[in-house]
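Just below is one structure, and these are the notes that go with it.
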Amino acid sequence: MSYDLIVIGTGPGGYVCAIRAAQLGMKVAVVEKRASLGGTCLNIGCIPSKALLHASELFEEAGHAFAKMGIGVSKPKLDLKQMLVFKDEAVDGNVKGVDFLMKKNKIDVVYGAGRITAPGKVEVKAADGKTQTLETKNIVIATGSDVTQLKGITIDEKRVVSSTGALTLEKVPEKLLVIGAGVIGLELGSVWRRLGAQVTVVEFLDRILPGMDSEVARQSQRLFEKQGMTFKLGSKVTSVDTSGKKLKVNVEPAKGGETETLDADVVLVAIGRVPYIEGLGLQEVGVALDERGRVKTDAHFATNVPGIYAIGDVIAGPMLAHKAEDEGVAVSEIIAGQAGHVNYDVIPAVVYTYPEIASVGKSEDDLKAENHAYNVGKFPFTANGRAKANQQTEGFVKILADAKTDRVLGVHIVGADAGNMIAEAAVAMEFGASSEDIARTCHAHPTLPEAVKEAALAVDKRAIHM
Ligand code: FAD
Ligand code: NAI
């Protein structure tokens, strides 16, 4: 059997790429070495983490927010085993959805580890050791990423865990020490704090969420601290002693200084992810990598070897599922001779904590660094009717617009449902909107997105409710 396209990896990049290629009339196969489709995102990433964030948020709300609304419930009791079943069902439902989509689009699914032996040839080794070689006109590498290891610290996924182990802890740890105040540290740290753990986050830099707008990061940190999380910024973990009943974690200032030893039941290592290319045969076939070990591609996702493309976490850019998906669509369109394209200036990012933190486009820090003249409009949820009605008034919307043209350059939201609200900003930016365009768009009342409109009005210093 010869294919038009073989996609290696079925994460959000790979399976979406395969579907788009099939829609465009190509004969497509996907190769997946995991026993289920969907990649990191569906199996051990986006979906299980969001299921636990949802369940743990309701658990916490039932404990403190229901009574003031006049909803009498007895103190909620945690059945962690059932909560993990709920999470597994969420994964299972999504994986089955991808299975269905592969069948619907007549895409062949080949389970096993793929290795490129030559352009147009993919050898697949199944779990039982049997190998077969598939032939194809084009190959897309969509093999994703893996956990970054911390030198000298061994992850056993029981007591010293990565995000994968943190999704399956059998007991709520009394003390959870998180290394890294990035997205995973804050999301999974929030899950276990809500379920009863004391959470300390050790971060190398002197701020949380590097890369995000620093005002947003500062305000979010304050909110997390109010919820009971402790941060040790400008600090690094130098070792974890696993010999006793409690883990002994040595922490020292990033710039050097006195070591402090902290107790923990579980340590979560969340210091980033690295591209995954193990066993793919890239060196043999001559596919070039960049200085950070990512597959090097041009603006059309092509590697230096004709007929081999790459997308998603394994190439440069933010390691986000929707970025991988959009690249999957674009590369299939390019292979089909169309003009596939991804606008990297408008890729939203969301941290699914409470409150949520969402951003798209430039941060204020970016604009300052670029000496770009801008105006800022801010609006707090304390002045939004719906947020007040729901008593969810934490956070604000911040819009950054070009000082001369008023074009929206970046939008940052801290607040309940910020992840849904950022979509409006992304659409506006794709259409090259000015803040005036958003300000003059009728927004339904009473809704949280009215705060986006008010922030847009605030760019011109004419917010109504402030
Ligand atoms: P992946 O999803 O990593 O898929 C790659 C697939 O390739 C895997 O299934 C792997 O088994 C397979 N593979 C690798 N090598 C081979 C081979 N040689 N042969 C065959 N198959 C192979 N992003 C968001 O946008 N939103 C979120 O809420 C979010 N939450 C996350 C939470 C956690 C805990 C983690 C870890 C990540 C999260 N992410 C989130 C990031 C998101 O999961 C990734 O950006 C996304 O999965 C990348 O997609 P991908 O298709 O590039 O690769
Ligand atoms: P991250 O890059 O978001 O954060 C890692 C943090 O660890 C940074 O703050 C960094 O300064 C810090 N750090 C690095 N080395 C350290 C050290 N030695 N000691 C202490 N701190 C150290 O990475 P994270 O949280 O592991 O997530 C990986 C990727 O997964 C992210 O790139 C993200 O895009 C993706 N993801 C996305 C989610 C979402 O979209 N909601 C959810 C979870 C993950």
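If only residues of segment 1-19 that are closer than 11 Å to Ser332 by Cβ and surrounded by fewer than 24 Cβ atoms within 10 Å (Cβ to Cβ) are counted, the one that is farthest from ligand 2 (Cβ to nearest atom) is Asp4.
A count restricted to segment 166-205 and to residues that are more than 24 Å from Val397 (Cα to Cα) and away from ligand 1 (no atom under 14 Å from the Cβ) stands at 22. Please tell me if Glu291 is farther than 20 Å from Ser49 by Cβ and either modelled with pLDDT of 95 or more or away from ligand 2 (no atom under 12 Å from the Cβ) (or both). Here the answer is yes, as Glu291 does meet what is asked. Of the residues that make up segment 128-143, is at least one crowded, with 21+ Cβ neighbours inside 10 Å and within 19 Å of the chain's Cα centre (by Cα)? Yes, because at least one residue in segment 128-143 is crowded, with 21+ Cβ neighbours inside 10 Å and within 19 Å of the chain's Cα centre (by Cα). Out of the residues in segment 206-218 meeting the condition of being more than 17 Å from Tyr352 (Cβ to Cβ) and out of contact with any Ser or Thr (no Cβ under 8 Å at 6 or more places or on another chain), tell me which one is nearest to ligand 2 (Cβ to nearest atom). Taking the candidates together, the pick is Pro210. Looking at segment 241-263, which of the residues that are within 19 Å of Gly189 (Cβ to Cβ) and within 12 Å of ligand 2 (Cβ to nearest atom) is surrounded by the most Cβ atoms within 10 Å (Cβ to Cβ)? The residue in question is Val249. Listed conditions (1) surrounded by fewer than 19 Cβ atoms within 10 Å (Cβ to Cβ); (2) in contact (Cβ under 8 Å) with a residue 24 or more places away in the chain; (3) among the hydrophobic types (A, V, I, L, M, F, W, C) are all met by Ala67, apart from (2). Hey, any hits in segment 51-62 for a residue that's more than 16 Å from Gly189 (Cα to Cα), out of contact with any helix residue (DSSP H, G or I) (no Cβ under 8 Å at 6 or more places or on another chain) and of a type outside the set (A, V, I, L, M)? Looking through segment 51-62, at least one residue is more than 16 Å from Gly189 (Cα to Cα), out of contact with any helix residue (DSSP H, G or I) (no Cβ under 8 Å at 6 or more places or on another chain) and of a type outside the set (A, V, I, L, M). Among the residues of segment 1-17, those identified as over 17 Å from Lys323 (Cβ atoms) and more than 8 Å from ligand 1 (Cβ to nearest atom) are Met1, Ser2, Tyr3, Asp4, Leu5, Ile6. Checked against (1) touching a helix residue (DSSP H, G or I) at 6+ places or on another chain (Cβ under 7 Å); (2) away from ligand 1 (no atom under 16 Å from the Cβ); (3) in contact (Cβ under 8 Å) with a residue 24 or more places away in the chain, Met26 passes all but condition (1). Considering (1) surrounded by fewer than 22 Cβ atoms within 10 Å (Cβ to Cβ); (2) near ligand 2 (Cβ under 9 Å from one of its atoms); (3) not in a loop (DSSP other than H, G, I, E, B), the lone condition that Thr164 does not fulfil carries the number (2).
Among residues of segment 264-285 that are more than 10 Å from ligand 2 (Cβ to nearest atom), those with a beta-carbon under 6 Å from a residue that is in a helix (DSSP H, G or I) and not basic (Lys, Arg) at least six positions away or on a different chain give the pairs Pro275/Val314.
Residues in segment 346-386 that are within 24 Å of Met229 (Cα to Cα) and either among the charged types (D, E, K, R) or part of a helix (DSSP H, G or I) (or both): Glu356, Phe381, Thr382. In the condition set (1) within 16 Å of ligand 2 (Cβ to nearest atom); (2) surrounded by 16 or more Cβ atoms within 10 Å (Cβ to Cβ), Thr154 is compliant with all but (2). When Tyr309 is tested against (1) in a helix (DSSP H, G or I); (2) away from ligand 2 (no atom under 16 Å from the Cβ); (3) not charged (D, E, K, R), only condition (1) is not met. Could you go through segment 324-334 and let me know if any residue there is within 16 Å of ligand 2 (Cβ to nearest atom), in contact (Cβ under 8 Å) with a residue 40 or more places away in the chain, within 30 Å of Lys50 (Cα to Cα) and not acidic (Asp, Glu). Looking through segment 324-334, at least one residue is within 16 Å of ligand 2 (Cβ to nearest atom), in contact (Cβ under 8 Å) with a residue 40 or more places away in the chain, within 30 Å of Lys50 (Cα to Cα) and not acidic (Asp, Glu). For the structure I just gave you, tell me whether Lys323 is basic (Lys, Arg), in a helix (DSSP H, G or I) and modelled with pLDDT of 95 or more. So Lys323 fits the description; yes. Is it the case that Leu150 is under 28 Å from Leu320 (Cβ atoms), assigned to a loop (DSSP other than H, G, I, E, B) and modelled with pLDDT of 95 or more? Judged against the criteria, Leu150 is a match.
The values are calculated or read from the model by the stated rules, or taken from the named source; none is laboratory data. Given the structure is predicted, the values throughout are model-derived calculations rather than measurements. All Cβ positions, even for glycine, are placed from backbone atoms using ideal geometry, and neighbour counts span all protein chains on display.
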